[in-house]
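Asks: Mind having a look at this structure? Questions to follow.
The values are calculated or read from the model by the stated rules, or taken from the named source; none is laboratory data. Everything numeric here is computed off the predicted structure, so don't read it as measured data. Cβ atoms come from the backbone with ideal geometry, glycine included; neighbour counts cover every protein chain shown. Heavy atoms of the whole protein, side chains included, go into the accessibility calculation; ligands, DNA and RNA do not. Shrake-Rupley method; radii C 1.70, N 1.55, O 1.52, S 1.80 Å.
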Amino acid sequence: MTDTVLPGTLDASAGTEQGAAERKAAARTAKQANKRSASKKRRISRAALTVLLIVVSFVMALPFVWMFLTSVRSSPEIFSSDMPMWPAEWHWENFTVALERAPFGIYARNSFIIAVVHTISNLVFGSMAGYALAKIRFKGSSVIFGFILASMMIPFYAIVIPEFLMIRFVPFAGGNDLFGQGGTGWYDTWWALLIPGLVSPFNIFLFRQFFISTPTELMEAARIDGASEARTFVQIMAPLIRPGMLTVALLAFEAGWNNFLWPLLVTSSTNLRTIQLGLSVFRQEAGTEFNLLMAGTTMAAVPMIVMFFFFQKQFVNGFVGSGLK
Amino acid sequence: MSTNTVDRQTLSTTRRRRVPTLTQRQGRWGLLFAAPATVQIALWTGLPVLVSIILSFTNYDMLNPPEFLGFDNYVTLANDPVFWKALGNNFIMAIVGIPISILISLALAVMLNQGLRGNSIFRTAVFLPHVTATVAIAMIWLWIYSPGGNGLFNIVLGFFGVPNQAFLASPSQALPSVILVTIWQGIGLKMMIYLASLQGIDQQLYEAADIDGASAVQKFFRITIPMLKPVTFFILVTSIVGNFQTFDLIYNLTNGGPANSTTVITYQIYQTAFQQFRMGLATAQSVVLLIVLVVLTIFSRRITGGKDD
């Protein structure tokens, strides 16, 4: 390394005024050289870091690349023992073949309906409850909040059996009598898919957090101006937490689109199957035809990936904000 | 609703028509706003918890009325080696997988915190597995682990002269293979949380350390690591809780096999309830899961200093 200039070696003409100026100049060049070498070092380490990150990103993304490459392979290629890394020919028709074998369009539509309904209901009921708990004093609010906090702790898997039984034994539904006997209740109906997930305690909690940070003065001003509580909420307070709304919307949509166990339990007919469930069933039907399975997987995964690209920042904020607070 | 404040009101309004006070009016609106969500959660979370606990003391097959058994179901579980195996697998997945993914995600977060160009691309790549549904992820890895020699892993191993491996079909390799997927899938979220808290660290700490002539390594171990301690605990406990709820991956990747080598507690609940229709026993398993998770959650609240209030 040529970068270290020792100050002592330049001290020859010390004492004179000219010497002082020279010394200053020398010191300046030395400093600059130091800076330059430091930035050079930094550049090298940053380049190394970038390369490392590219490698890591590639490894993380590789399964998706592999999924896509497989989705366009021919069947003989899949079964050949010396399958090339890169598909020899691109068989886009795998997607249409997969669509013929399983109605992924219907599955996707069903998932979309569930995701949208749950997004809207979580936004409406969650924001209302969150607003009430954050900004309105009322008797019982602390009890309700405690209850919401406690239910956040309840894992879905611990209550899935009673939830299923409730769906099955809903009175007067699906041929059931008053005591839920005799029929199938809401089993294999839209009600079963939609009703239990209308609002999650976690989203109420998130909304409460968002509303706590909004200015109470605005709310009071609106009240003084004679706005009703409902109007204050809809026109003044709710718009203040728009970023929070988007976060909850994304979380709710993702949960709806990616849900698996609940649709698996409460549906049996094809036209109520969701995309994840359809994919799982398709795997058993398609057997080892991985090119078709990967075409189906691509169709199930791409909507969320596209959405993530569009709303990356909100997604990240949502996840981070939801976990950290 | 109004009965809460009615006492004070009746004293002063014996004759006049009662006009609700501002607080009263607000109180009504508050309850009205909170009611739909509260009723919904009481019905679909509160009630099921009670039903779960009650059913766990019964023998119930959905066709005949439940029959009270006392603690028999819990005794059965205590003597069931497969249930213990499932619990054990959950613990192994947690103990092996979580520390590895925490270390990787911390390293990635530190690297991504350097403000390099292309940051958002790297972030996206690492976070993508978290956004994708676990079912889709299971399908992809099923293919990567394909034992026939055309699975990606066997192709790569083939380059190094390693013979074809069974991976998910081998009782000894299946669980490690599953753990690898959980690590890959879990890095993204942890990395994001670390990244957020790294950006929250006061830069003055580093500047002060610079003046004292601290090296990058010293700064990392003396400042960064201690400052990240609370969030690390948080990630640790939430990851353990999340790990005990693994289901989609197991269902679609291995069905708990081979020879129960990858079965987990949620898969046991599913099988007992919806394949054997032993609802009483399955709810007892649910209650065990509930207790484990409530303990872990309370533990996490303590450590992170209480989530709220």
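Asks: Restricting the search to segment A:153-171, which residues are open to solvent by 10 Å² or more (accessible area, probe 1.4 Å) and more than 8 Å from chain B (Cβ to nearest Cβ)?
Replies: A:F169, A:V170, A:P171
Asks: If you don't mind, another one. For the structure I just gave you, tell me whether B:S120 is within 12 Å of chain A (Cβ to nearest Cβ) and touching a residue at least 24 places away in the same chain (Cβ under 8 Å).
Replies: no
Asks: Take the conditions buried (at least 20 other Cβ atoms within 10 Å of the Cβ), at pLDDT below 90 and among the hydrophobic types (A, V, I, L, M, F, W, C) and apply them to A:M219. Does it pass?
Replies: Answer is yes for this residue.
Asks: For segment B:24-46, enumerate the residues that are facing another protein chain (nearest Cβ under 7 Å) and either touching a residue at least 12 places away in the same chain (Cβ under 8 Å) or aliphatic (A, V, I, L, M) (or both).
Replies: B:G27, B:L31, B:A34, B:A37, B:I41
Asks: Of all residues in segment A:51-76, which are over 22 Å from B:P129 (Cβ atoms) and open to solvent by less than 20 Å² (accessible area, probe 1.4 Å)?
Replies: A:R73
Asks: Now a separate question. Please pick out the residue among A:A115, A:A102, A:A108 that is open to solvent by 10 Å² or more (accessible area, probe 1.4 Å), among the hydrophobic types (A, V, I, L, M, F, W, C), more than 8 Å from chain B (Cβ to nearest Cβ) and over 30 Å from A:M219 (Cα atoms).
Replies: Step by step, each of A:A115, A:A102, A:A108 is checked, and only A:A108 is open to solvent by 10 Å² or more (accessible area, probe 1.4 Å), among the hydrophobic types (A, V, I, L, M, F, W, C), more than 8 Å from chain B (Cβ to nearest Cβ) and over 30 Å from A:M219 (Cα atoms).
Asks: Another one. Does any residue of segment B:166-176 turn out to be free of Cβ contacts under 8 Å to residues at least 24 places away in the same chain, under 19 Å from A:F79 (Cβ atoms) and not in a helix (DSSP H, G or I)?
Replies: yes
Asks: Being open to solvent by 20 Å² or more (accessible area, probe 1.4 Å), over 16 Å from B:I41 (Cα atoms), in a helix (DSSP H, G or I) and facing another protein chain (nearest Cβ under 9 Å) is the filter here, so list the residues in segment A:118-152 that pass it.
Replies: A:K135
Asks: Now, a different point. Checking the conditions here, which among B:M139, B:M111 is surrounded by 20 or more Cβ atoms within 10 Å (Cβ to Cβ) and facing chain A (nearest Cβ under 7 Å)?
Replies: Just a single option satisfies the conditions, and that option is B:M139.
Asks: Any residue that is in a helix (DSSP H, G or I), modelled with pLDDT of 75 or more and under 25 Å from A:Y131 (Cα atoms) - is there at least one of those in segment B:51-72?
Replies: no
Asks: So, in segment A:273-291, how many residues would count as being over 28 Å from B:R123 (Cβ atoms) and open to solvent by less than 10 Å² (accessible area, probe 1.4 Å)?
Replies: Residues that pass the stated criteria total 7.
Here is a yes/no grid of residues against (1) modelled with pLDDT of 90 or more; (2) open to solvent by less than 10 Å² (accessible area, probe 1.4 Å); (3) farther than 22 Å from A:V65 by Cβ:
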| site | (1), (2), (3) |
| --- | --- |
| B:F159 | no, no, no |
| B:P163 | no, no, yes |
| B:Q173 | yes, no, yes |
| B:W184 | yes, no, no |
| B:G200 | no, no, yes |
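Asks: A further question follows. Of A:T189, A:T232, which residue is more than 30 Å from B:Q285 (Cα to Cα) and open to solvent by less than 60 Å² (accessible area, probe 1.4 Å)?
Replies: Answer to the check: A:T232.
Asks: If B:A196 passes every condition in (1) more than 30 Å from A:T288 (Cα to Cα); (2) more than 10 Å from chain A (Cβ to nearest Cβ); (3) crowded, with 16+ Cβ neighbours inside 10 Å but one, which one does it miss?
Replies: The number of the failed condition is (2).
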